[in-house]
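What follows is a set of notes on a single structure, which appears directly below.
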Amino acid sequence: MMHQPEPFPKQVHRILFLGNSITYDGKYIVDLETYFTLHYPGRHFEFINEGLPSETVSGLSEPGHADGKFPRPDLHERLSRVLALTKPDLVFACYGMNDGIYMPFDDRRFAKFREGMLWLHKELAATGVRIIHLTPAVFDEQHGGHAGYAEVMDRYSGWLLQQRDPLGWSVGDIYFPMKKYLLDRRAADPSFAYAKDGVHPDSLGHWIMAKAVLSYLGEREDAESAGAAFEKYPRGLSVFRLVGEKQQIMKDAWLTTAGHKRPGMNVGLPLEEARKKEAGIDMEIRRELH
């Protein structure tokens, strides 16, 4: 029987998110930080976004990725630096979308994904940091093409969920809740989509992701959108906006400082300068809460 954890134990302060472009986009992280800021105003959490577009844990890259400009970055290359820099108390890791490299199911590619996830879990466990794996976001073949890739994500997500009992992993499921919502909405409106490219969800898709994480953590939020959830609080939408501004500054600063091999990324502010801006925004948030 899976045990639902407390939202965050008292010793958890720094919460790191690892993942690909969906995590880098980070709307679900903004949603989560805003939720916990409003629901638990007496606690201070630091939500750190180290998502890197195109990244995998499998180490695979399809021929001609990014028009042949660069191979997909591999988390193996930067994980140790990210952990040394961020010193997290808890890590959420969301991989899988890129790991099948948008090809039909193949046992060898699947094995590389499993090996990468086992490696990631082992590396984090060795540091004593708790990890919560997240299943990948849903892939929409109607808009993304790549026939058969939705089945690949079904299998990768199913495998992750299966690790909860034999290995005792903490695994939050965002894939199947996203898929159910997509199919339910599409039954009424065949044109409905989270992601116009089949991969990168819009604000609604990120909110469905955030709600799935909240549900896993034992929280309940029934609002149909982030705005609807946060406008219930006197200054909730202002806090939501400020958290978004802070995350936009900090994610590039964290990524740049840790270092990576993906071309074309924004160059973030020096971390010390970014932290000063972050502190100023945090003060504004505290004023809004009081």
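Coordinate-derived values only; no laboratory data. From a predicted model like this one, the values you see are computed outputs, not experimental measurements. Heads up, the Cβs are rebuilt from the backbone with ideal geometry, glycines too, and the neighbour counts pull from every protein chain shown.
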- Item | Residues satisfying the stated conditions in the stretch 157-184, i.e. over 13 Å from K211 (Cα atoms) and assigned to a loop (DSSP other than H, G, I, E, B) | Q163, R164, D165, P166, L167, G168, W169
- Log entry, pairs with first residue in the stretch 40-61 being free of Cβ contacts under 8 Å to residues at least 60 places away in the same chain, second being aromatic (F, W, Y), beta carbons closer than 6 Å, six or more apart or on different chains, reads F45/F36; S58/F113
- Task: Go through the residues of the stretch 229-243 one by one and say whether even a single one is among the aromatic types (F, W, Y) and closer than 30 Å to R155 by Cα.
- Result: no
- Message: Quick test for you: out of Y156, Y149, pick the one residue that is surrounded by 16 or more Cβ atoms within 10 Å (Cβ to Cβ), more than 21 Å from H121 (Cβ to Cβ) and of a type in the set (F, W, Y).
- Response: Y149
- Task: Examine the stretch 224-243 for a residue that is touching a residue at least 12 places away in the same chain (Cβ under 8 Å), assigned to a loop (DSSP other than H, G, I, E, B) and aliphatic (A, V, I, L, M), and state whether such a residue exists.
- Result: no
- Considering the stretch 198-234 alone, what residues qualify as being of a type in the set (D, E, K, R), under 24 Å from Y102 (Cβ atoms) and touching a helix residue (DSSP H, G or I) at 6+ places or on another chain (Cβ under 6 Å)? none
- Of the residues in the stretch 249-270 that are without any contact (Cβ under 8 Å) to a residue 24 or more places away in the chain and not small (G, A, S), the one that is surrounded by the fewest Cβ atoms within 10 Å (Cβ to Cβ) is V267
